[in-house]
Amino acid sequence: MQKSIVLPSTEETELKQFILKITKGAARKDLIQVLQAVQERHGYLPKESLRLIAVNLGVSFSEVYGVATFYHQFRLQPPGMYVIQVCMGTGCHAKGNADNFEHLRLLLDLKHGQHLTKDKVFSLEAARCFGCCSLAPVVMVTDSTGDYQRLYGHVDQKALKKILAEYREKAKKQESEPERKLIVYPKK
């Protein structure tokens, strides 16, 4: 009698299984929806996911990569605990949000091309118009799950420092709180 061993699933194995599941019966026209599903589940698009999607949809890697990098909604790097999006729409840009973006980069100690802070608490992104130009300049903060979202209007450098301090404090509280797990025992 042959014994079988069940190995614990790894993140890569889970990613492969998920992509197989969502691409079953899918075609090239479903590429954006597939990318959205992967990002919703993982918070970003790992490079391996792009390769798997290309293979399973029967399209080239460069086409999948091109779509993933063309649309602003997709991330190719994992997000921080809090994602700070700085609106770069015309109204916000005219009212100084490009300067606010650079100020945030300095406050967060981010080099050009770097989006995630060393402590992984913040990621910084330039965003397109949020549609609230009367509040320009605008910054939005979301958590990495997308469940929490808060918009800040009429921001300046002083307000940005307060916003960062507020979220650093929230991050510290989350780290210090013990994770609570509910354990359910089977009935006898």
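Every number here is computed from the coordinates shown, using simple stated rules; none is lab data. All values derive from a computational prediction rather than experimental measurement. In this analysis, Cβ positions are derived from the backbone assuming ideal geometry, glycine residues included, and neighbour counts consider all displayed protein chains.
Observations on the structure shown:
- For the stretch 11-70, the Cβ-based charge dipole about the Cα centre amounts to some 200 debye (Lys, Arg positive; Asp, Glu negative; other atoms uncharged).
- Solitary cysteines of the chain, where the nearest other Cys Cβ is not under 4.7 Å: CYS129, CYS132, CYS133
- Karplus-derived 3J(HN,Hα), 6.51/-1.76/1.60, for each residue of the stretch 38-45, Hz, glycine and proline x: 5, 5, 4, 7, 9, x, 6, 10
- Note that the stretch 1-106 shows a convex hull volume over its alpha carbon atoms of 142 Å³ per residue.
- C-alpha long axis of helix 61-70 to longest principal axis of the chain, angle in °: 30 degrees
- Net charge dipole size for the chain [Lys, Arg +1 and Asp, Glu -1 on Cβ; Debye, nearest 20]: 520 debye
- Once the Cα gyration tensor of the chain is diagonalised, semi-axes √(5λ) in Å: 35, 25, 14
- Just so you know, the Rg over Rh for the stretch 11-70 is 0.90, from Cα atoms, with Rh as the Kirkwood radius.
- Exceeding the 28 Å Cα-Cα cut-off - candidates LYS16/LYS111; LYS118/LYS173; LYS47/LYS173: LYS16/LYS111; LYS47/LYS173
- For the stretch 82-175, the Cβ-based charge dipole about the Cα centre amounts to some 140 debye (Lys, Arg positive; Asp, Glu negative; other atoms uncharged).
- Relative contact order of the chain, defined on C-alpha pairs under 8 angstrom at six or more residues apart (%): 17 percent
- Mean-position separation - Cα centroids, the stretch 97-112 and the stretch 136-151, in angstrom: 17 Å
- For the stretch 82-175, the equivalent ellipsoid derived from the Cα gyration tensor has semi-axes of 21, 14, 12 Å, listed largest first.
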